[in-house]
1. Could you name every one of the helices (runs of 4 or more DSSP H) located completely within the range 1-116 that has at least 1 residues being on the phi > 0 side of the Ramachandran plot and touching a residue at least 60 places away in the same chain (Cβ under 8 Å)?
2. Of the conditions (1) over 21 Å from residue 284 (Cα atoms); (2) near the ligand (Cβ under 10 Å from one of its atoms), residue 111 satisfies every one except a single condition; which number is it?
3. Quick check on my filter: what residues within the range 43-56 are out of contact with any Lys or Arg (no Cβ under 7 Å at 6 or more places or on another chain) and closer than 26 Å to residue 122 by Cα?
4. Anything in the range 48-78 that is more than 11 Å from the ligand (Cβ to nearest atom) and in contact with a helix residue (DSSP H, G or I) (Cβ under 7 Å, 6 or more places away or on another chain)? List them, or say none.
5. Any chance the range 151-163 includes a residue that's crowded, with 19+ Cβ neighbours inside 10 Å, in a strand (DSSP E or B) and touching a His at 6+ places or on another chain (Cβ under 9 Å)?
6. Return yes when residue 196 is hydrophobic (A, V, I, L, M, F, W, C), within 16 Å of the ligand (Cβ to nearest atom), farther than 16 Å from residue 281 by Cβ and surrounded by 15 or more Cβ atoms within 10 Å (Cβ to Cβ) and no when it is not.
7. Residue check: is residue 6 more than 16 Å from the ligand (Cβ to nearest atom), closer than 27 Å to residue 236 by Cβ and not aromatic (Phe, Trp, Tyr)?
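No value in this document is a laboratory result; all are computed from the given coordinates. None of the values given here were measured: they were computed from a predicted structure. Backbone-built Cβ (ideal geometry, glycine too); neighbour counts: all protein chains shown.
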Amino acid sequence: MMMPLNALKLACRTVAFKLQRKNSDPTSDYDKAAATYDEYYSKYLGPSAQVLLDKLPVRQGDKILDLACGTGFFSHRLAAAIGPHGRLTAVDISGGMLERNRRGAQARALENIRFVQSDAMGVLRVTRAESLNGIVCGWGICYLDHAEFCIEVQRILRPNGFLGIIENKSTSLKKVSDLFRRVLVRNPDAIVKNIAIDLPKDASHLVRTLCKRGLVAIDSWDGAVSVPCMRGVDVAEYVVKSGAAAGFIDALDPAMADRIIRELAIAVDDERRRGGEVPVTHEYCALVAKRA
Ligand SMILES: C[S@@+](CC[C@H](N)C(=O)[O-])C[C@H]1O[C@@H](n2cnc3c(N)ncnc32)[C@H](O)[C@@H]1O
């Protein structure tokens, strides 16, 4: 009887925080994950991001915006490709992630990057119309308002300018998310904010949402990457240190967060002991579009 009551309590709390627009903020979770992000996230998802990079029509001298740039996976490669006469603006809301990006650029002697610590939408709103050759947003569009993003991108891109997007799908890490929810049902008071992360359904959803009016899809695709995590503690460590749990941890009561993560690890082990599978699989989608 306890579980249905708890599930109802969790649902009521979730709806109340949503109505109050008391949303979690991924910034502090990314600040904490910044030191381990590349070793955990980029190590596994980097090759898929490289496929997107290889499809972008980048030229020497281009002016490009890298939104939600993080530790610089896209920033450093794009800055190298546009050369010393190009200009890359790298934007991120997390000071920790941006600092890693800055240090990486220094180590690679890249001097054509301007770093901006800000909300990505804020930067888009103040960027001049038809001023950029390209906009890239790697694994970050889930934090942005898709409709407003679409309008701003079309306003800012020059004719023939490109947009590159890669993002986890709403089905990404599904089994781990289900177990996280199961843990929350046991601890409904642990959730203190609404988790407002808007993951696309798939590549065709990305095309339908973003390619309106003057933006035309050139290529779009779906993919998946599995992360080998043997024990529950490895899964818990992965989601925290890779940043995959960013915005989820911030939604938890700070006094209960460590316990919830420990319970997630136990839930993974229990599920596997019962014969269930807990794949740690990132399902993602990507889009290359061009302004007509
Ligand atoms: C999964 S990481 C991706 C980093 C990088 N693009 C990459 O490909 O490795 C998501 C990034 O989005 C940033 N972020 C989240 N919300 C943001 C916002 N509203 N504006 C700008 N950056 C944001 C986070 O701080 C984090 O660095």
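1. none
2. Every condition holds for residue 111 apart from (2).
3. 49, 52, 56
4. If the condition is that a residue be more than 11 Å from the ligand (Cβ to nearest atom) and in contact with a helix residue (DSSP H, G or I) (Cβ under 7 Å, 6 or more places away or on another chain), then 58, 60, 61, 62, 64 are the ones that fit.
5. Checked against the condition, which is being crowded, with 19+ Cβ neighbours inside 10 Å, in a strand (DSSP E or B) and touching a His at 6+ places or on another chain (Cβ under 9 Å), the range 151-163 yields no hits at all.
6. yes
7. yes
To keep it simple, each residue is scored yes or no on (1) away from the ligand (no atom under 16 Å from the Cβ); (2) over 15 Å from the mean Cα position of the chain (by Cα).
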position: 91; (1), (2): no, no
position: 94; (1), (2): no, no
position: 100; (1), (2): no, yes
position: 119; (1), (2): no, no
position: 126; (1), (2): no, yes
position: 145; (1), (2): no, no
position: 157; (1), (2): yes, yes
